[in-house]
Amino acid sequence: MLSRLSIRNYALIDSLRLDFPTGLSIITGETGAGKSIMLGALSLLLGARADTRVIADPSAKSVVEARFSNPSPSHRALFESHQLEWDPEETIVRREVSASGRSRAFINDSPVNLQVLSEVVPLFVDIHSQNSTHSLMQGRRQLEVIDAFAGNDSLLEAYHAEFNEYRRLHSAIRRRREQLESDRRNMAIIAFQLEQLDKLDPKPGELESIEKEFDILSDADDIRERLGSAYSLLDASESSVLASLAEAADSLRHVDFSLFSSPDSDAEIMERIEQVNIELKDIAETLRDYYDSVDADPSRLSRISKRMNQLYEAEKYFKISEKDGLVKLRESLREQADSVGSGDSDLAEMEAEARRKARQLKMKANELSERRARAATAFSTLLMSTASPLGLPNLRFEVSISQGKLAADGQDSVEFICCFNKNQTPQPVSKVASGGELSRLMLSVKCIMAGRMEMPTVIFDEIDTGVSGEIADKMGEMMRSMATDKQVLSITHLPQVAAKGANHFYVYKEDSESRTVSNVRLLSPDERLREIARMISGSSVTREALDAAGSLLKS
């Protein structure tokens with residue numbers, strides 16, 4: 001429930017902090033005192049658009065904060081889905097608006113956008129104003145009422161999941177059709193390009209390999225000469241390095257190296273010479289292999305040069321810059337060509353799956369329709385009996401349900417139809433209801449739905465406008481009945497309603513040196529008696545008004 005509301009620098013309010021108890025709380029005050037200002041501030045927490053004109057002091061921020069105690073554990077999943085901290089004891093919501101128009105919102109000190117704010121806060125509080133009374137005329141809102149009355153939450157959740165999956169599949173089918181059509185239009189181009197690449201037949205690593213071979217063949221004579229010279233110096237002449245190394249080894253075999261260091265020195269020296277000999281022989285043999293591999297073949301050079309130019313031209317034509325890009329492009333084109341050929345079968349499978357899901361979805365939609373039809377009958381009967389004591393004894397009410405194509409909430413369209421007099425033909429609510437009648441009808445709906453919707457706090461803003469006397473008393477009694485298991489706040493001008501509250505707040509204006517400000521205080525029993533008397537008699541409180549107020553409070 002709403003345990004505390006704090007408002008700072010908002011319209012006529014400098015600084016205000018209200019602690020709200022459970023049960024029915026009444027809010028009264030003179031017209032223009034600031035009752036609706038509080039609701040305007042609270043609506044910011046519901047995601048309403050921020051208007052910088054309400055900021056009284058442009059040098060400071062306007063801040064509205066609400067604390068909701070004991071949030072329902074069922075809300076935890078939503079909090080976690082938005083990565084919000086969950087506190088089982090209290091939820092704190094804050095909105096800040098600066099004179100520049102910048103607005104920031106927080107839930108449990110985590111910053112959130114207005115979409116999250118408008119999704120989370122309505123779980124805690126429902127504000128019913130004169131404007132929201134007209135929401136009863138909207139078909140979508142009427143459907144929500146019937147679904148809540150029928151207890152369709154779990155079925156709707158399952159239907160929504162299947163509908164979203166069905167819609168995603170339809171989107172995939174549409175994209176697949178568009179892709180196939182695009183592929184068919186491009187198939188001539190694809191086939192031509194693939195034919196060119198098949199003729200070229202590029203191989204992985206081919207261009208890199210022939211570029212190396214081209215470099216060798218184009219300078220073969222010089223390379224062979226240098227390789228041959230190096231090989232000759234190492235191993236192919238009487239004065240080669242290897243021959244000289246052999247002579248050095250023979251000479252050193254007759255030296256006693258132990259005279260210079262340790263007894264093993266001669267063996268170490270000879271091993272190192274042998275290792276050098278082995279390495280030089282390996283180098284010489286490698287150079288000989290290179291020499292033998294270099295073939296100054298003009299015809300081979302011509303063929304390689306031609307192939308290399310073909311690959312270069314193809315890369316330029318196809319705008320290829322990466323290594324083996326021609327090979328990858330050929331594979332990609334081949335896959336596109338194959339997909340066009342197999343695309344019809346893939347599409348047929350997807351369409352068959354869509355038809356299967358449509359049948360499943362239709363079954364759930366039919367189940368929803370059946371539950372809604374049963375709920376509509378029961379709801380209509382209960383609403384007429386609930387509204388009758390509120391001065392609507394001749395109310396005839398029914399719920400018209402028509403079926404159409406499958407949509408996000410099923411296949412049904414709902415319309416509330418009623419008439420308030422015996423000689424009238426039932427028509428849509430929007431065409432027959434006056435303001436007072438619509439308010440009483442809405443109160444009856446709220447009263448019925450109070451026990452079925454998880455709404456801990458309900459705020460009524462002058463829902464009793466246009467009624468008086470016994471009807472006002474009945475409406476007040478209905479609000480008090482609702483407040484037995486939830487918190488109800490009622491802004492009212494009627495003493496009959498005000499007398500039903502467990503707590504009474506008074507909104508008033510007072511003048512400071514520089515401006516007029518609004519304030520609120522919780523009335524004591526004596527103050528409450530005088531306030532209800534004022535509501536009865538006007539500005540001059542008479543003894544008769546005090547007696548009448550006392551009688552109302554006792555009853």
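The values are calculated or read from the model by the stated rules, or taken from the named source; none is laboratory data. The shown structure was predicted, so the numbers you read here are calculated from the model rather than taken from an experiment. Quick reminder, even Gly has a Cβ in these numbers, built from the backbone with ideal geometry, and neighbours come from all protein chains shown. With ligands, DNA and RNA removed, areas are computed over all heavy atoms of the protein, side chains included. Shrake-Rupley method; radii C 1.70, N 1.55, O 1.52, S 1.80 Å.
Summing Lys, Arg as +1 and Asp, Glu as -1, what charge do residues with Cβ under 14 Å from the Cβ of SER232 carry, SER232 excluded?
Charge balance near SER232 sits at -1.
In straight Cα distance, which lysines are under 28 Å from LYS323, not counting same-chain residues fewer than 8 positions off?
The qualifying lysines are LYS199, LYS203, LYS212, LYS306.
Could you check how much of the accessible area of the range 334-492 is carbon and sulfur, as a whole percent, using a 1.4 Å probe?
Its accessible area is 48 percent carbon and sulfur atoms.
Counting only other residues whose beta carbon sits under 13 Å from that of LEU390, what net charge do I get with K and R as +1, D and E as -1?
-2
Restricting to DSSP loop positions (anything but H, G, I, E, B) with no more than 13 other Cβ atoms inside 10 Å of their own Cβ, which GluC sites (Glu not before Pro) remain in the range 43-134?
Counting only loop positions with at most 13 other Cβ atoms within 10 Å, the GluC sites (Glu not before Pro) in the range 43-134 are GLU85, GLU89.
Quick one: Kirkwood hydrodynamic radius for the range 440-555, alpha-carbon pairs, angstrom, one decimal?
Computed over Cα pairs of the range 440-555, the Kirkwood hydrodynamic radius comes out at 15.3 Å.
Say R0 is 41 Å: what FRET efficiency, to the nearest 0.05, do LYS554 and GLU85 get from their beta-carbon distance?
Taking R0 as 41 Å, the efficiency between LYS554 and GLU85 is 0.30.
Return the label of the correct value of Cα extents along the principal axes in Å, as calculated from the structure shown, out of [x] 143, 70, 46; [y] 83, 51, 42; [z] 103, 77, 76.
Of the listed options [x] 143, 70, 46; [y] 83, 51, 42; [z] 103, 77, 76, [x] comes from this structure.
Can you give me the relative contact order of the chain as a percent, contacts being Cα pairs under 8 Å and 6 or more apart?
Here the relative contact order equals 22 percent.
What whole-number distance in Å separates the alpha-carbon centres of the range 67-86 and the range 171-220?
56
Cα atoms only, the range 134-276: Rg and Dmax in Å?
42.8, 120
Give me the three principal axis extents of the range 19-110 from the C-alpha atoms, as integers in angstrom, largest value leading.
In descending order, the Cα extents are 39, 36, 18 Å.
Just how much of TYR312 is accessible, in Å², when a 1.4 Å probe is used and the result is rounded to the nearest 10?
Result for TYR312: roughly 90 Å² accessible.
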